Structure formats: C-alpha cells, structure tokens
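Let me begin by presenting the structure, written as structure tokens, before commenting on it.
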Amino acid sequence: MDILLNTTLSQINTIYKLFNIRSYDNFLIVSTNNINPMVSICNDYLNEIYNKVKYFVYEKHNNIYKLLFVVPRIIKNTHSYVKNIINTNLKIMCKYSGSYIVLFFSFDKWYFGFNYQVYVLDNNIHPILYNCVKNILPNLDTNICYHLILNDTRLRKILLAQNDINSELILLKKTYKYTKNISELCNNFKNVSYYHVSCLDELYYKLIELDNKNKILKKLYYLGFVLEHNEVYISFNTSLVNTLSDFIPYKYTPSLTHLYLYQNNKLNIFLNMLNSFVTNDELINRINNAFNTLSKELLDIYHLTRNKKNSNLYGSLPSSYKKMLYILHKTYMMVSNSNFDNEKISLNISIVYKKLKEIDVDLLRLLFIERSKIMYYDIKKCSDTNIQCYLLK
C-alpha cells in the first residue's frame, strides 16, 4: 500500500477524489469515512487504502504536500479476513480501550491527529491529553510522529460510574515524518505489550484464557488482542467485550450511557454482569431519584402553564422544557379522548415518569442540563428566592 509521500494538491484531488479531502491550517486530511456505500471502488489501489486506512495527513510546504502519518483501520475479526492468514508465527498486541491519537510537531507547535481531524495541542481543546504530555514534551523528538492510545477508559467509567479514573498514554509505534519508516519505542510513554503466537489456534486459546481471567476477577480487565497481518489490523475481542458492547450505544458519554440504559431497563442487567462493583445500587438510586424529582417539577410546571396561564413563566422556559410540556399535553389529550367515563382525567407523576423513559435520550440529556442552568442562574441568583429562603430559616 503506497500512499503518495510527496505530491501536489491537484494530484491528491485527482487520485483520492473518492475519499473525503479537507484542509486545516497547513494540513490536508484525506479520510475514508462516510463514503457513499453505493459507490463502488473498482480501483485496486484505492480499494486497498479504503480497507486498510482510516485517514492520512499531509503537511503543506509551499506547493508540495508531504505525508505526515497514516492512521490504520482496525477491523473486526471476520472469516473473510482470517481465512487468508497462514498459520505461522504471528505478532499480536494487547487491545486497549481508548482513542487513537497521533502526536506530532509542526510549524513550531505541537499538534495531534484525532478522529479524522488535526488540532493544536492545547489545554482548552483536549485537557486530558494535554495534562498527560505537558511534562514530557521537551523530551520528545520533533521529527517523530507518536502513535498513541489515550487510555481514558470510557468503557471503564461506564462500568465503574466514577470520574476519577486515571488516564494514561500507551505508545503503539513511532514513525518518522515524511516517511513510513518506523522508529524504536521509547521510555517517555508506556509501551504497548506484544506477544507471539505460533498460529491462530493459539491466539483463540489465549482469548479463552483472558475470558477466564475476566470471570475470576469479575471485572473487565482484558479486552483482547489486535493482530497485524499484511498491514491489516484485525481485532480479536474477549467474549465479555462483545457482550458489553451490545449494550453500550456508540460514542455515548458515560453519563449519557447510564441514562440510556436506565430508560430501557437495562442498567441493572448491564452493571450486574460484573457484580463486584459496589456502586451499582448507588448509581441506580441516584438516577431514579433524579427521574422522580424531574417528573414532579415538570408536572407542577405543566399545571402552572396550562390554558396559557403564567405566560411569563412559560416564555422563560428553555426549549427542552417546552418540548416536554408539549409531549405531556399531547399525552393528556390522548388519555382524555380515549376515556368514555365521566371521571376527571389528569396527569400524574407516574405518567410523567413513564414519558421521561420513553423520550429520546438526547432530549432527556438537555432536560437535565437546562435544569442545572435554571437551578443555578434563575433560582440561586434570584434575590426574591434568597430572601424567602432566609426568612424560612
């Protein structure tokens, strides 16, 4: 797979026109994501890049673009890839949960490549990464691109429901700028662990060993392995990773994942897969209390603003609250129209609670975020409220 090392913008646009090409500052990012599935890549050269690469970055020097680094694609273990692997001595590395980041120096600044984009290394842009590397930057080689896994462990935070889990950087490899040559690993980072297996059967046996260790430890300690074969990176997951991944929505934050699972009555099942965690009951009770509190508050606001009453109150509500009130009123009308008795119909906390579990998780997230803003800005800083609270003491 020979990606052009030194080229021009016109050549890049001509050769890689099927890929996504965008510029940032003095860099050009060519990525293979979001390509229309209806587009058939008949060119063997482009097809090979598409199957092996996530994105690659060029650095602009006058009118010449020099290849900085290539981020490989890691694919799932499937029969179509594994069947072509010859049973010989194979090199595998431990799999880590985290973000693939490339740290490099260019134009008198440190940058990092992450998620198909290039950013300046800055505390305001990525504070976790910045805090991990700020003390070792003077010791790093400015001619090297550092391929790292930021093991900030989103998965562990979801499982442990804690925010104080330490992050660490794990060095996968070092490549020289403007070439594809690989340098030796260094002592500035924790180096990735490599193993050698004689054949695929031995690899599968090692996966079984990791699964057994996870069961004994009752926690997700081992994720699996990554095998590199002919520049293709193939992921071999432990069974526990595959099981847990089925529960976790893609790219959700830990807090949003917990809300999503709670909405779908899966949080307790998910956490009990690893029953050694003592935070399960505390987390579930906290979310349950938050749902109950929000249900009571929404019900009170609904009654206060019905039939266009308290228009000033309604006008001051954020958009998520107004959308939720509309959902509640729609529910009220449906219940009223379906009731043929003369009994008085009204919403109650249980109905509101049920609706909170049914709405889209992004709307639920906004409700909690905007509630926090209301509590801080509109209530805490309200002089009338402060006077009333003082008199009630």
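Among the strands (runs of 3 or more DSSP E) lying completely within region 87-136, list those that include at least 2 residues that are modelled with pLDDT under 90 and under 19 Å from the mean Cα position of the chain (by Cα). Spell out the reasoning first.
Working: elements: 90-94, 99-106, 109-114, 117-120.
Where strands (runs of 3 or more DSSP E) fall fully within region 87-136 and carry at least 2 residues being modelled with pLDDT under 90 and under 19 Å from the mean Cα position of the chain (by Cα), they are 99-106.
How do the pairs read when you match residues in region 235-258 that are under 19 Å from C94 (Cβ atoms) and touching a residue at least 40 places away in the same chain (Cβ under 8 Å) with residues anywhere that are part of a helix (DSSP H, G or I) and aliphatic (A, V, I, L, M), using Cβ under 7 Å and keeping only pairs 6 or more apart or on different chains?
Taking only residues 6 or more apart or on different chains, the pairs are F236/L203; F236/L207.
Got at least one residue in region 31-49 being touching a helix residue (DSSP H, G or I) at 6+ places or on another chain (Cβ under 9 Å), of a type outside the set (F, W, Y), modelled with pLDDT of 85 or more and in a strand (DSSP E or B)?
No, the conditions are met nowhere in region 31-49.
Can you list the helices (runs of 4 or more DSSP H) lying wholly within region 273-391 that have 1 or more residues being out of contact with any strand residue (DSSP E or B) (no Cβ under 6 Å at 6 or more places or on another chain) and modelled with pLDDT under 80? Steps first, please.
Details: elements: 280-305, 311-316, 319-338, 349-358, 361-373, 383-391.
The qualifying helices (runs of 4 or more DSSP H) are 280-305, 319-338, 383-391.
Quick one: I165 ticks every box in (1) modelled with pLDDT under 80; (2) among the β-branched types (V, I, T); (3) surrounded by 20 or more Cβ atoms within 10 Å (Cβ to Cβ) except a single one, so which number is it?
With (1) modelled with pLDDT under 80; (2) among the β-branched types (V, I, T); (3) surrounded by 20 or more Cβ atoms within 10 Å (Cβ to Cβ) applied to I165, the lone miss is (3).
Across region 223-255, what is the total count of residues that are of a type in the set (D, E) and surrounded by 14 or more Cβ atoms within 10 Å (Cβ to Cβ)?
1
So which of V53, V57 ends up being among the hydrophobic types (A, V, I, L, M, F, W, C) and at pLDDT 90 or above?
Details: V53 fails: at pLDDT 90 or above.
Only one candidate passes the filter, namely V57.
Applying the selection to region 17-30, what residues are among the aromatic types (F, W, Y) and either under 22 Å from the mean Cα position of the chain (by Cα) or not in a strand (DSSP E or B) (or both)?
F19
Can you name every residue in region 191-217 that is modelled with pLDDT under 80 and of a type in the set (K, R)? Let's see the steps before the verdict.
From region 191-217, those modelled with pLDDT under 80 are 215-217; that's our starting set.
Correct list: K215 only.
Just one of (1) modelled with pLDDT of 75 or more; (2) crowded, with 18+ Cβ neighbours inside 10 Å trips up L220, so point out which.
Every listed condition holds for L220 apart from (1).
The values are calculated or read from the model by the stated rules, or taken from the named source; none is laboratory data. Keep in mind it's a predicted model, so treat the numbers as computed, not measured. Glycine also receives a Cβ, built like all others from the backbone with ideal geometry; neighbour counts cover every protein chain displayed.
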